[in-house]
Structure formats: C-alpha cells, structure tokens
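Scroll down for the structure; my scribbles are underneath it.
Every number here is computed from the coordinates shown, using simple stated rules; none is lab data. Please read these numbers as outputs of a predicted model, since none were measured by experiment. No Cβ is skipped: glycine too gets one built from the backbone with ideal geometry, and neighbour counts run over all protein chains shown.
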C-alpha cells in the first residue's frame, strides 16, 4: 500500500466493485479496492453467457481475473482482505475503514459493493425471533445486551469482529462456528481470546423462547440459556455497513438513487447491496454510476464521459 489515505475506497470484489475500480483508475482517482474476487458469487459461475461480449461463455472466475488485471493496469490498488468496520470520522468528511488484519485506512469517498444482505443461519425459530433475540448487527442492537449472555454464530473474521464489538457491553460471549474450521484473521483471534470470548466448534440448531429468545438448542441436543444471538456468517454484509454509517435501507438492502448515491454524502452503493435483479449487467451498470459520481465530486465536474 502506498498510503493509508485514498480519494475513494471500494468495499467488495465482485463485478460492481471491479467496474467502479476501472472507471476510477482511468480517471486517475486515487483508489483502493478491498475485497476478495475469488469469493464473489460470480466466481462460482461455470460459464457466463448472458453478459455482453462473453460470446465464448467464459467462466466467472476468468472474468474476475481479467477485471483485476484491468484495474491494476490503471493504478487501482487491491487488498485481498475483508473489511470488518466502516465509520465516519467525527467533524471530518472522511471515513475510517478497518480490515480483518487490523489495517486502517482513511477515505474521502466510499463505494459499498459487497453483494447481498446477511446470510441466514437456517436455525429453527430464526425468522420467528428476528429482532426479538436474533440479530444481524451489533452496531445497532448490541446495546440491548449489557451484562447478558450472548452467542455469535459464524466462523470468519466478521463473526470475531462482531464479538469484539459486543465485548463493550458484556463479557458473557460465545462464538459458535457451526462445526466449521475457523477462517478468520489470527490478529482478531488474539484480541478475542484476550477479551475472554469463548470459541465453540459446535452447531446451533434452534433458538427457542416465548416473546423473546431464552435458549439455544445444539445439534447434540444440549440446551444453553442465551439472551441473544447475533448471526455473522460469511463476510460483513452491506447491511452491517449500512447500520454503522446510518444509511437508509429497505427490505434488507441499501437504498440508492439511479446514480448509486445513498443518503450519506460521500457514500455510494452498487450491485447486490442495493437489491433488485441479481445479474452481472445490473451490478456493472451500478458500479459504473457510483464511480462516475465519485469522479465528478473529486474533480469538481458537472458531467463525466468515458466512452472508450
């Protein structure tokens, strides 16, 4: 990394993020993309035949690799890590971004292109108790669990970060990996252990209660009293960042204009993060719009066209 301060920071590694990076790089906007293209949903497409210019139906992973090469050619930096936190700096028009390995960056503008909303855990009672003991974001609901017993479900860096944020309210925290081998940054694991956060390689099967959650049921049949459960599977979702930044949202997606603008100055959203059709073409178009919005702001332009 050349610096820790960028004119624009793109969160994500899929088609929306890469398209945004391509436009920003060509316009010489100092930009960093933090994301892992190999983990994009597009990477799992064996052949892509419904996108303009893909007459030979290339694999999704090939398109992603080509996109990475393109944006690097135009000077955009890429960091293959997960972003675990984004916050607006007080009294400044800048944003602070933290990665899973505790790298910290400042950005004048942010493009959120992290794909769709949170991944459901598939627990019995999950939908029934959503908002009544089952939650998806510590930033908005953690405060209700002061000195209470709380479980975090997940095996990645996002789960550890959520548990660390919970430790500001309670010291009774356990992470359940759902039987998966943990895939989180060692730096975060050290911090979690220092906070006394338990890590359990067990599977939560169900949540039960009356009006609110009272207990969890493990796959072994064992019951544990629990006041709350935070689901943090996979990487931090667009909704995680929406809550932390105060972005407007609807039905689990970030609300954005046709130009990909959100209600917060300096923040754009594109691709699966905004809902709608889950198609490459839609994501690429929104990534383009978000980048053009940033370019016009950074360069003080009323219009920007890049036709070649």
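Kindly provide the helix-only [θ] at 222 nm of the chain, computed as the sum of -39,500 (n - 2.57) over DSSP H runs of four or more divided by all residues, to the nearest 500 deg cm²/dmol?
So the calculated ellipticity at 222 nm is -7500 deg cm²/dmol.
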Q: Could you check what % of the DSSP bridge pairs in the stretch 134-231 are antiparallel, to the nearest 5?
A: 35 percent
Q: Would you mind pulling out the separation of the Cα centroids of the stretch 43-59 and the stretch 124-181, in Å?
A: 38 Å
Q: For a footprinting-style exposure proxy, rank 262, 308, 101 by other Cβ within 10 Å, fewest first.
A: 308, 101, 262
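Which of rounded, prolate or oblate describes the stretch 1-133 when judged by the alpha-carbon gyration tensor and an a/c cut-off of 1.5?
oblate
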Q) If each residue's Cβ is checked for other Cβ atoms within 10 Å, how do 108, 306 rank with the fewest at the top? A) 306, 108
**Q.** In degrees, nearest ten, helix 280-299 long axis to first principal axis of the chain (Cα)
**A.** 70 degrees
Q: Please report, in cubic angstrom per residue, the volume enclosed by the convex hull of the alpha-carbon atoms of the stretch 44-193.
A: 179 Å³
Q) What nm distance separates the two modelled labels at residue 104 and residue 190, each placed 7 Å from Cα along Cα→Cβ? A) 1.6 nm
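Quick one: work out the % antiparallel among DSSP beta bridges in the stretch 1-132, nearest 5.
Within the stretch 1-132, antiparallel bridges account for around 45 percent of the total.
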Q: Give me the angle, in degrees from 0 to 90, between the Cα long axis of helix 60-73 and the longest principal axis of the Cα atoms of the chain, rounded to the nearest 10.
A: 60 degrees
Q. Once both axes come from the Cα atoms, what is the angle between helix 15-26 and the longest principal axis of the chain, in degrees from 0 to 90, rounded to 10?
A. 40 degrees
Q) Shape call for the stretch 134-231 from the C-alpha gyration tensor, a ≥ b ≥ c root eigenvalues: rounded (a/c under 1.5), prolate (a/b greater than b/c) or oblate? A) oblate
Q | Rounded FRET efficiency, nearest 0.05, which uses the C-beta distance separating residue 296 from residue 92 and R0 of 25 Å | A | 0.75
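Which of 8, 288 has the fewest other C-beta atoms within 10 Å, and how do the rest follow up to the most?
Working: 8 28, 288 18.
Listing 8, 288 from fewest to most nearby Cβ atoms yields 288, 8.
Can you give the % of DSSP beta bridges in the chain that are antiparallel, to the nearest 5?
40 percent
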Q: Quote the FRET efficiency, to the nearest 0.05, computed for residue 215 versus residue 119 with a Förster distance R0 of 30 Å and r equal to the Cβ-Cβ distance.
A: 0.85
